[in-house]
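J.: Got a structure for you, written out below as structure tokens; questions coming shortly.
The values are calculated or read from the model by the stated rules, or taken from the named source; none is laboratory data. Just so you know, these numbers come straight off a predicted model, no measurement behind them. Neighbour counts run over all protein chains shown; Cβ positions are idealised from the backbone, glycine included.
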There are 2 protein chains.
Amino acid sequence: MSTTISDILQALKEPVDRIEAGVDVLCYGDPNDIVTGIATAFVASHDVIVRAKSLGVNLLITHEGLFYSHFGNKQLSAEDPVVREKQKFIEESGMAIFRYHDHIHKYQPDGIMTGLLQELEWNGNVEKHTSFVTILNFDNMTVHEVANHLKNKLNIQQVRVVGDTSMPCRRVGLLVGYRGGGEQVIPLYERENLDLIIYGEGPEWETPEYVRDAVFQKRKKALIVLGHAESEWPGMKYLVNWIQSEFPSIPVHFISEKPVFQIL
Amino acid sequence: MSTTISDILQALKEPVDRIEAGVDVLCYGDPNDIVTGIATAFVASHDVIVRAKSLGVNLLITHEGLFYSHFGNKQLSAEDPVVREKQKFIEESGMAIFRYHDHIHKYQPDGIMTGLLQELEWNGNVEKHTSFVTILNFDNMTVHEVANHLKNKLNIQQVRVVGDTSMPCRRVGLLVGYRGGGEQVIPLYERENLDLIIYGEGPEWETPEYVRDAVFQKRKKALIVLGHAESEWPGMKYLVNWIQSEFPSIPVHFISEKPVFQIL
């Protein structure tokens, strides 16, 4: 029996309660089309869509939005030449594109976190999950050792750190994506008695400045900032295995992207 | 005649129209106290406040908030030990602290931008100012040359770049602080016919991903991300000269901070 795009979307949404408002939508494509192959990616860049096409798939599942915004960029005109060329390629390719953000984050534990833990081989270190942070236990790894582990496992050129890199860490909080905001993150140091917090992205003048002050006061606190994509692509890679196990006859690929920034 | 804190605040607010709602407030101190000396800083970290005290000043003017948030962190308990120790030091020191953010950004041109242009020695390259972006003209400097100039003049270890670093730039858009959001920044490339945009901080999956797609489409576009503090401290340094010229008998200092992040 043939599998439609609609069947895949239903399977992807089924593990969590219905989300009334949100960003997960089929941006392009006909839900009744038969799926010939699936690709997943952190972000459907123009390059990723071209590579998906060359793999022969007709459904691309992207975590972040197609047009450079979480909610859809109202100011960005359809006359923008970059947008127009990308839209034209998508339409001519016949690629269906599904934004898959809110549902995967609502998995218990968060599906993006599950992928990150698997990539880091830290499943054995998990003490507990909450909806936005996972608490990990370590046997006195230093901040520097944790940073090296993150760089090696995620193939990251560098990470940004606040604190004493020789400090041993026992209790660590891990957050994916743009969850580094001070209102959520700063209270975790006390509430969860954390030595180190690791997140994807957050405002530079919030949590990092708190940790700077804590370190000045000789408190043993540290922060590692991974990068947004670096913290979330493992979740979209992990999704490949999940889809493959549900639909074993459909080819499923993960498409990786280079880091968005060069360092100069 | 003696100058009070209130006199200084009035002089700082006077150049712009009254701001009804905003974050600029005297967080600590008595407006009727006589000013013995003034220090300015990008952020009133605990370390900065200690150094201000040792300089013998009794008024510290900070651009970003004291407690790790733009609007004031509602979730951050007064029981937090970092907050408590910082508050205790401020109270015992008798330091008056004034948050000076909205008014200086409302100067025409933006006072923070004026300081950045002065530090970069780019006043001669300005074509025009708008309320949030300054357009500069160059004689075919490459992205790499622009990046090196920024690093040298601002004493930055590294910048983050999207695009071809050998690309020559003629028209450049410069934005300070957290103004890198895609809704505001992306349309500037077309509207102002820009080769390169330079900003302090912004979401990683918005403007950088637009430039990634533009470059994939062989368009000559580039982006340099400076860092939030790196784009704004020159404005607070510049403020020293302005205050000094208005109040020549009061000692006025700029207090610099180390970069909040180490790179590992």
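J.: Tally up the residues in region B:242-264 that are within 14 Å of chain A (Cβ to nearest Cβ) and more than 30 Å from residue A:207 (Cβ to Cβ), please.
T.: Summing the residues that are within 14 Å of chain A (Cβ to nearest Cβ) and more than 30 Å from residue A:207 (Cβ to Cβ) in region B:242-264 gives 0.
J.: Turning to a different aspect of this structure: For residue A:165, which of the numbered conditions (1) of a type in the set (Ser, Thr, Tyr); (2) more than 7 Å from chain B (Cβ to nearest Cβ); (3) more than 22 Å from residue B:81 (Cβ to Cβ) fails to hold?
T.: All conditions pass for residue A:165, except number (2).
Residue by residue, here is whether (1) within 14 Å of chain A (Cβ to nearest Cβ); (2) in contact with a Cys (Cβ under 7 Å, 6 or more places away or on another chain); (3) surrounded by fewer than 20 Cβ atoms within 10 Å (Cβ to Cβ); (4) within 27 Å of residue B:200 (Cβ to Cβ) holds:
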position	(1), (2), (3), (4)
B:16	no, no, yes, yes
B:19	no, no, yes, yes
B:23	yes, no, yes, yes
B:27	no, no, yes, yes
B:31	no, no, yes, no
B:42	yes, no, no, yes
B:50	yes, no, yes, yes
B:63	yes, no, no, yes
B:66	yes, yes, no, yes
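J.: Restricting attention to region A:104-119, does a residue exist that is within 11 Å of chain B (Cβ to nearest Cβ), farther than 22 Å from residue A:210 by Cα, surrounded by fewer than 18 Cβ atoms within 10 Å (Cβ to Cβ) and not aromatic (Phe, Trp, Tyr)?
T.: For region A:104-119, residues within 11 Å of chain B (Cβ to nearest Cβ), farther than 22 Å from residue A:210 by Cα, surrounded by fewer than 18 Cβ atoms within 10 Å (Cβ to Cβ) and not aromatic (Phe, Trp, Tyr): absent.
J.: Inside region B:85-103, can you point out the residues that are surrounded by fewer than 17 Cβ atoms within 10 Å (Cβ to Cβ) and aromatic (Phe, Trp, Tyr)?
T.: Scanning region B:85-103 gives a single hit, B:89.
J.: Sort out which residues of region A:196-229 are touching a residue at least 12 places away in the same chain (Cβ under 8 Å), within 20 Å of residue B:86 (Cβ to Cβ) and touching a Pro at 6+ places or on another chain (Cβ under 9 Å), and write them in order of number.
T.: Scanning region A:196-229 gives A:214, A:220, A:223.
J.: Still on this structure, please answer the following. Of the conditions (1) at pLDDT below 95; (2) outside the structural domain of residue B:10 (by TED's automatic domain parsing); (3) crowded, with 22+ Cβ neighbours inside 10 Å, residue B:131 fails just one. Which one is it?
T.: (3)
J.: Follow-up question, since we're still on this one. Among the residues that make up region B:213-226, is at least one of them among the acidic types (Asp, Glu) and within 13 Å of residue A:68 (Cβ to Cβ)? Write out each step before concluding.
T.: Initially, region B:213-226 is screened for residues among the acidic types (Asp, Glu), giving B:213.
Checking which are within 13 Å of residue A:68 (Cβ to Cβ) leaves us with B:213.
Yes, some residue in region B:213-226 is among the acidic types (Asp, Glu) and within 13 Å of residue A:68 (Cβ to Cβ).
J.: Applying the selection to region B:178-200, what residues are surrounded by fewer than 24 Cβ atoms within 10 Å (Cβ to Cβ), over 21 Å from residue A:78 (Cβ atoms) and of a type outside the set (Phe, Trp, Tyr)?
T.: B:179, B:195, B:200
J.: From the set of residues in region A:170-195 that are in contact (Cβ under 8 Å) with a residue 60 or more places away in the chain and away from chain B (no Cβ under 12 Å), which is nearest to the chain's Cα centre (by Cα)?
T.: A:176
J.: Mind listing just one residue for me: the one in region A:82-108 that is of a type in the set (Val, Ile, Thr) and touching a helix residue (DSSP H, G or I) at 6+ places or on another chain (Cβ under 8 Å) and, of those, nearest to residue A:21 (Cα to Cα)? Write out each step before concluding.
T.: Just the residues of region A:82-108 that are of a type in the set (Val, Ile, Thr), to begin with: A:82-83, A:90, A:97, A:104.
Next, from what is left, pick out any that are touching a helix residue (DSSP H, G or I) at 6+ places or on another chain (Cβ under 8 Å): A:82, A:90, A:97, A:104.
Numbers: A:82: 28, A:90: 26, A:97: 19, A:104: 15 Å.
The selected residue is A:104.
Table: residues versus (1) outside any strand (DSSP E or B); (2) over 19 Å from residue B:243 (Cα atoms); (3) at pLDDT below 95; (4) not assigned by TED's automatic domain parsing to the domain that holds residue B:246.
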| position | (1), (2), (3), (4) |
| --- | --- |
| B:11 | yes, no, no, no |
| B:15 | yes, no, yes, no |
| B:22 | yes, yes, yes, no |
| B:30 | yes, yes, no, no |
| B:41 | no, no, no, no |
| B:51 | yes, yes, no, no |
| B:60 | no, no, no, no |
| B:75 | yes, yes, yes, no |
| B:78 | yes, yes, yes, no |
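J.: Also, quick follow-up: Is at least one residue of region B:90-101 more than 10 Å from chain A (Cβ to nearest Cβ), modelled with pLDDT under 95, out of contact with any Cys (no Cβ under 9 Å at 6 or more places or on another chain) and farther than 21 Å from residue B:254 by Cα?
T.: Restricting attention to region B:90-101, the residues satisfying the condition of being more than 10 Å from chain A (Cβ to nearest Cβ) are B:90-101.
Retained after the next criterion (residues that are modelled with pLDDT under 95): none.
No, region B:90-101 contains no residue that is more than 10 Å from chain A (Cβ to nearest Cβ), modelled with pLDDT under 95, out of contact with any Cys (no Cβ under 9 Å at 6 or more places or on another chain) and farther than 21 Å from residue B:254 by Cα.
J.: Look at residue B:34 and say whether it is over 15 Å from residue B:23 (Cα atoms) and either of a type in the set (A, V, I, L, M, F, W, C) or out of contact with any strand residue (DSSP E or B) (no Cβ under 6 Å at 6 or more places or on another chain) (or both).
T.: So residue B:34 fits the description; yes.
J.: Also: Please find, among B:234, B:251, the residue that is crowded, with 19+ Cβ neighbours inside 10 Å and not aliphatic (A, V, I, L, M).
T.: After ruling out the rest, the residue left standing is B:234.
So that you can scan it fast, the table gives a plain yes or no per residue for (1) free of Cβ contacts under 8 Å to residues at least 40 places away in the same chain; (2) among the aromatic types (Phe, Trp, Tyr):
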position: B:20; (1), (2): yes, no
position: B:23; (1), (2): no, no
position: B:29; (1), (2): no, no
position: B:39; (1), (2): no, no
position: B:71; (1), (2): no, yes
